[in-house]
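Novice: So that we are looking at the same thing, I have put the structure below in structure tokens.
The values are calculated or read from the model by the stated rules, or taken from the named source; none is laboratory data. Since we're looking at a predicted model, the values are computed, not measured. Cβ sites come from the backbone with ideal geometry, for glycine too, and all protein chains shown count toward neighbours.
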Amino acid sequence: MDRPLPIDSFRQATASTTRAIAGQADLAVSFTEGNAGYFDTGIRLPLPPPDLAYERVTQVRGEADGIALWLRHHDRSIHARYSPGSAVARAAFDALETVRVESLGCQHRSGISQNLAARRQAYCRTQGYDRVAERGDGQFADALGLLLRELITGQIPPDVARSMVDLWRPLFQPQLQVAAKDLKASLADQSRFAQQVQVLLVQLGLPEEDMKHDLLLVESSKMEPAMLTPQIAGADADDEGAQVQPHEEFADAADLASESAAAGKIPEEPAVFSSTQNAAEFPYTVYTTAFDEIVQAKDLSDAEELARLRRRLDDRLTEFVRVIGPLANRLQRKLLARQRFSWAVDLEEGELNTARLAQLVASPLNTQPFMEMIEADFRDTTVTLLIDNSGSMRGRPITVAAMSADILARTLERCAVKVEILGFTTGDWKGGKVRQQWLTGHSPAGPGRLNSLRHIIYKDASEPWRRARNNLGLMLRESLLKENIDGEAILWAHQRLLQRPEQRRILMVISDGAPVDDSTLSANHGKYLEQHLQSVVDWIETKSSVELLAIGIGHDVRHYYQRAITINDVEQLGSSIINQLSVLFDMQGTSK
């Protein structure tokens, strides 16, 4: 009998060890390209190198051990109950929970401790912590976690992060030294540990009101085990090193806020909508709205098909995320930096700056030992992606659009920016039931729009990404993609945005051509749908507070939209979306 190859033996041993650590004998463990993750179907780990180089092998083992410990020692519902509201507080809370979980796992297990240390070293290197010369808000959670780990376990920070941690040590050390004993005693009690972490974060200057999520009975959510706090990349991190996880699921601010707020704020969508709204503005008619529909993506398919289509989308995400992942992280850092806080130091009054205690003792009359937290001004924002679901988008264009929407939704939700993902198509080809009714009625001249509309909600703005993730796979069902009537779709998306409570509303349209519906255009003049689209866009751009922009795929849409770009290669779509939003957020909104 042939002996198994060394790499196969490594996989088998790693999988068996992972199941043993997690305490789940039937846990599925697979090895694929890309990043590690935990899913409904089991654990996925990065492929080990063919030569089984020690450094990379240890990192793979560290990924496996970290996830296994998370499964064994972490309770999702407890974590969600106590998780803070703001992005920076939540990142710190997550980092300290990771310290708790891994500290439990490392007790009397030197091998696990070494594997996790290798993973931390690799992570800190990708964040660029070896090049940090000053404190930045993006380092807050990672520095706090590394310092607490040092106090609880004696494990010093990785070499590449030591200088970064030392920059934060004077600010954190006094409070951490007081709290470390109680935190260490509470490692086996997640609820008690979470409560103590909340107290610690308030002592470190984070707003107390952010620590009241223990009062919210939120639904438990999947939490991927964070290494440090990878979803909050350092301000000095190398863009190419910071990767967006292609398959991870988050229980972040968007999950908590959307599950606890906004209930009853949004009027119920009618089953059939009026496509002649604002008719006084637009010379546009509709033959009948009897067959029009606004439909949730999940209602167009069963759960089994949605899961299968989602897996198809995931299979394509790994390589795609390498291209736009750094751009998405750059956008995330930009938004988080605007949401966080800074400190004004050397003040005569305010909160005591523990880093100035030595100076205060040495020269009490010549020291200004106080500081004050300054919160950045960041406006609440909702972003809607309105995606053309026409037949011409079939294949690579619709796949890239779905992947871009998926990554953007996760990126913005981590920054507490609401994201809505909508699609538009028609119910039939060639007019279907509407055209048949028109023909039966002796085909009156100038019927107006002569097909039924199908407007699809893939993800509501108040719905967390983790709940809507399977819906996005529906875009890959080819039979869904028919005609595109853009003007009414934009009005619909615009109306939904106006119902949102956020101060800033952005609508991004993604289309690969002019509006086309054969039935409508055969019974009206050839520019009928284009003229309506132009009227709608002009009206929004001049009279609405909604900020409208468009990306045309292989089609110049700049003669419709004031703010638009055209891409000739569909592979540019993801980066174009990120770049356009980055510019918009830099502009702080526009006034009309």
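Novice: For the subset of the stretch 20-53 comprising residues that are modelled with pLDDT under 75 and aromatic (Phe, Trp, Tyr), which member is surrounded by the most Cβ atoms within 10 Å (Cβ to Cβ)?
Specialist: So, considering only residues that are modelled with pLDDT under 75 and aromatic (Phe, Trp, Tyr), the one surrounded by the most Cβ atoms within 10 Å (Cβ to Cβ) is Tyr38.
Novice: Of the residues Tyr129, Tyr54, only one is more than 17 Å from Tyr38 (Cα to Cα) and without any contact (Cβ under 8 Å) to a residue 24 or more places away in the chain; which? Steps first, please.
Specialist: Values: Tyr129 fails: without any contact (Cβ under 8 Å) to a residue 24 or more places away in the chain.
Every option except Tyr54 fails the conditions.
Novice: Among the residues of the stretch 103-125, write down those that are surrounded by fewer than 20 Cβ atoms within 10 Å (Cβ to Cβ), part of a helix (DSSP H, G or I) and either charged (D, E, K, R) or assigned by TED's automatic domain parsing to the domain that holds Pro48 (or both).
Specialist: Selection gives Arg125 alone.
Novice: For the stretch 539-568, give me each residue that is closer than 25 Å to Pro283 by Cβ and among the β-branched types (Val, Ile, Thr).
Specialist: Ile540, Thr542, Val546, Val557
Novice: Taking Leu497, is it within 30 Å of Lys543 (Cα to Cα), in a helix (DSSP H, G or I) and at pLDDT below 95?
Specialist: Details: within 30 Å of Lys543 (Cα to Cα): yes; in a helix (DSSP H, G or I): yes; at pLDDT below 95: yes.
Considered against the rule, which asks whether it is within 30 Å of Lys543 (Cα to Cα), in a helix (DSSP H, G or I) and at pLDDT below 95, Leu497 comes out as yes.
Novice: Would you mind listing the helices (runs of 4 or more DSSP H) fully within the stretch 382-477 where at least 3 residues are more than 25 Å from Val546 (Cβ to Cβ), touching a strand residue (DSSP E or B) at 6+ places or on another chain (Cβ under 7 Å) and assigned by TED's automatic domain parsing to the domain that holds Arg504? Don't jump to the end; show me each part of the working.
Specialist: Numbers: elements: 396-414, 432-440, 465-468.
In the stretch 382-477, no matching helices (runs of 4 or more DSSP H) lie anywhere.
Novice: From (1) modelled with pLDDT of 85 or more; (2) assigned to a helix (DSSP H, G or I), pick out the condition that doesn't hold for Val88.
Specialist: Checking Val88 against (1) modelled with pLDDT of 85 or more; (2) assigned to a helix (DSSP H, G or I), the one that fails is (1).
Novice: Look at Val60 and say whether it is in the same structural domain as Gln114 (by TED's automatic domain parsing), buried (at least 17 other Cβ atoms within 10 Å of the Cβ) and either within 16 Å of Leu116 (Cα to Cα) or of a type outside the set (Asp, Glu) (or both).
Specialist: For Val60, the condition - in the same structural domain as Gln114 (by TED's automatic domain parsing), buried (at least 17 other Cβ atoms within 10 Å of the Cβ) and either within 16 Å of Leu116 (Cα to Cα) or of a type outside the set (Asp, Glu) (or both) - is not met.
Novice: So which of Asp517, Asp556 is acidic (Asp, Glu), modelled with pLDDT of 90 or more and touching a Ser or Thr at 6+ places or on another chain (Cβ under 7 Å)? It would help to see each step written out before you state the result.
Specialist: On the way: Asp556 fails: modelled with pLDDT of 90 or more.
None of the other options fit; the residue is Asp517.
Novice: Condition first: at pLDDT 90 or above and under 27 Å from the mean Cα position of the chain (by Cα). Now tell me which residues in the stretch 440-462 satisfy that.
Specialist: Correct list: Arg454, His455, Ile456, Ile457, Tyr458, Lys459, Asp460, Ala461.
Novice: Take Gly432 and decide whether it is over 29 Å from Leu498 (Cβ atoms) and either modelled with pLDDT of 90 or more or in contact with a Leu (Cβ under 6 Å, 6 or more places away or on another chain) (or both). Quick ask: steps written out before the conclusion?
Specialist: Values: over 29 Å from Leu498 (Cβ atoms): yes; either modelled with pLDDT of 90 or more or in contact with a Leu (Cβ under 6 Å, 6 or more places away or on another chain) (or both): yes.
For Gly432, the condition - over 29 Å from Leu498 (Cβ atoms) and either modelled with pLDDT of 90 or more or in contact with a Leu (Cβ under 6 Å, 6 or more places away or on another chain) (or both) - is met.
Novice: Which count do you get for residues in the stretch 515-567 that are among the polar types (S, T, N, Q), in contact with a His (Cβ under 9 Å, 6 or more places away or on another chain), part of a helix (DSSP H, G or I) and under 27 Å from Thr382 (Cβ atoms)?
Specialist: Step one: list which residues in the stretch 515-567 are among the polar types (S, T, N, Q), which gives 519-520, 522, 524, 531, 534-535, 542, 544-545, 562, 566.
With in contact with a His (Cβ under 9 Å, 6 or more places away or on another chain) added as a condition, the list becomes 531, 534, 544, 566.
Retained after the next criterion (residues that are part of a helix (DSSP H, G or I)): 531, 534.
Pick out the ones that are also under 27 Å from Thr382 (Cβ atoms) and you get 534.
Residues that pass the stated criteria total 1.
Novice: To continue, here is another question. Can you name the number of the only condition in (1) in a loop (DSSP other than H, G, I, E, B); (2) touching a helix residue (DSSP H, G or I) at 6+ places or on another chain (Cβ under 9 Å); (3) more than 20 Å from Ile485 (Cα to Cα) that Ile577 fails?
Specialist: (1)
Novice: Taking only the stretch 522-540 into account, find how many residues are closer than 11 Å to Gly448 by Cβ and polar (S, T, N, Q).
Specialist: Matching residues across the stretch 522-540 total 1.
Novice: With Thr288, Thr276 as the choices, which residue is over 24 Å from the mean Cα position of the chain (by Cα), modelled with pLDDT of 90 or more, surrounded by fewer than 20 Cβ atoms within 10 Å (Cβ to Cβ) and polar (S, T, N, Q)? Write out each step before concluding.
Specialist: Working: Thr276 fails: modelled with pLDDT of 90 or more.
Only one candidate passes the filter, namely Thr288.
Novice: In the stretch 79-100, what count of residues is obtained for those that are farther than 17 Å from Leu200 by Cβ and aliphatic (A, V, I, L, M)? Give the steps one after another, and end with the answer.
Specialist: Kept after step one, since they are farther than 17 Å from Leu200 by Cβ, are these residues of the stretch 79-100: 80-81, 87.
When the remaining residues are screened for being aliphatic (A, V, I, L, M), the result is 80, 87.
Residues in the stretch 79-100 being farther than 17 Å from Leu200 by Cβ and aliphatic (A, V, I, L, M): 2 in total.
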